[in-house]
Each structure stands twice: as structure tokens, then as C-alpha cells.
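Shown next, in C-alpha cells, is the structure this report addresses.
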Amino acid sequence: MEADVTLEHVREVAGEPVADLRVRGHNRLKAGHIGGDLIPRLIDEIPILAVAAAFAEGTTVISDAAELRVKESDRLAVMATQLSRLGATVTERPDGLEITGGSPLHGAEVDSHTDHRIAMSLAIAALRATGPTTIHRAEAAAVSYPGFVDTLRQVMG
């Protein structure tokens, strides 16, 4: 998506590669295709990538991701519905999503479906929406990131 991302403090934790990401917002994100061999390596990141796609220039296609239908929720269906409620242009596909970026998001009532990754992704989308957004069952974020709300407040300062 041509984002300006650099890795810092690269290390290994519990056998997994970990790094701090520094993201600079100099350029507008570009749409792309996310699929194939890449999907198994970022299956848990698809909800936040869908949010990024909503702000990207052009149409992003996420494919080969049918496995997301059997996670904590049907992440494809939930992200399509919830991003659409916020005003994004999203088409659900059997194995993914098609997201045309550039539509301004507006506040809405959305639901995490008790999925921690969706709760956090919707919170990030809400930051760029005009008007208030209510995320039902947002406490699900604590499953993987107990301090998410505090960190978000800190970052927004």
C-alpha cells in the first residue's frame, strides 16, 4: 500500500519475530491485492488492513482468506457490515473483501461481535470518522491487548 513503515527493535519473542513499527503518514495509501501465500502470514491482520483499505486510493482486493469465516467471528462478514455502517464502500466476496477507499467515514453504531481484532480495528476506523461512533462489545479488545484503550488515549494525547 506504499506506506512509509520501518521496523525498529527487531527481536524474537516466544519463537516469533517481533518489531516496533514506525509509520509515517507522508503519503496516501495505495490500493492493492492481498492474497495468495501472503494470507497465512497475516490472517490476524486482515481486519486492520481492511480499515487501511477504506482510506487507500483505489480498490483493494483481499482474497484467499476464507479461513477468516471461522475465527472468533466471521471476520469477513463482520468487517464488511461494520465498515459499511461507517460509510466505507465494501463488497463481501466468498473468500475475501473488495474495498474501495476514499469515501469519508461517518460515526455510527457498530458491533465487534466480541472479536478482539475487530473491536480494535473499528476503534481505529472511528478515529477518522466524523461524528461519534459507538462500538458495542468493545471490551473484547482486552482479550489480546488489555491496555488498548489506555494506549489509544495516550497516542491521541
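The values are calculated or read from the model by the stated rules, or taken from the named source; none is laboratory data. Remember, predicted model here, so these are calculated numbers, not experimental data. Cβ sites come from the backbone with ideal geometry, for glycine too, and all protein chains shown count toward neighbours. Only protein heavy atoms, including side chains, enter the accessible area calculation; ligands, DNA and RNA are left aside. Shrake-Rupley method; radii C 1.70, N 1.55, O 1.52, S 1.80 Å.
Would you mind calculating the relative contact order of the chain from Cα pairs under 8 angstrom and at least 6 residues apart, reporting the percent as a whole number?
Values: 291 pairs, mean separation 26.6, N = 157.
Here the relative contact order equals 17 percent.
So if R0 is 25 Å, what FRET efficiency would Asp44 and Ser103 give, r being the distance between their Cβ atoms, rounded to the nearest 0.05?
The computed FRET efficiency comes out at 0.45.
How are the C-alpha pair distances of the stretch 36-126 spread across 10 Å bins, as whole percents from the shortest bin up?
P(r) for the stretch 36-126, in whole percents per bin: 19, 57, 23, 1.
Under a 1.4 angstrom probe, counting protein chains only, how are Ser144, Ser63 ranked by accessible area, largest first?
Per-residue accessible area, sorted high to low, gives Ser144, Ser63.
Report the gain in length on full extension from Ala19 to Tyr145: 0.36 nm times residue separation, minus Cα-Cα distance, nm rounded to one decimal.
Details: separation 126, 0.36 × 126 = 45.36 nm, distance 1.62 nm.
Once the chain is fully extended between Ala19 and Tyr145, it gains 43.7 nm.
Label-point separation (nm) for Glu57 and Arg69, each offset 7 Å from Cα along Cα-to-Cβ?
3.5
Applying a 10 Å radius around every beta-carbon, put 136-142, 36-42 in order of their mean neighbour count, most first.
136-142, 36-42
Distance from a point 7 Å along Cα→Cβ of Arg28 to each backbone N in the stretch 89-109: keep the residues under 11 Å and list them by number.
Of the residues in the stretch 89-109, 101-103 have backbone N under 11 Å from the label point off Arg28.
I need two numbers for the chain: Rg to one decimal and Dmax as a whole number, Cα atoms only, in Å.
15.2, 42
Any chance you could run the full-extension gain for Glu12 through Glu92? It's 0.36 nm times the residue separation minus the Cα-Cα distance, nm to one decimal.
Length difference between fully extended and current span is 25.2 nm.
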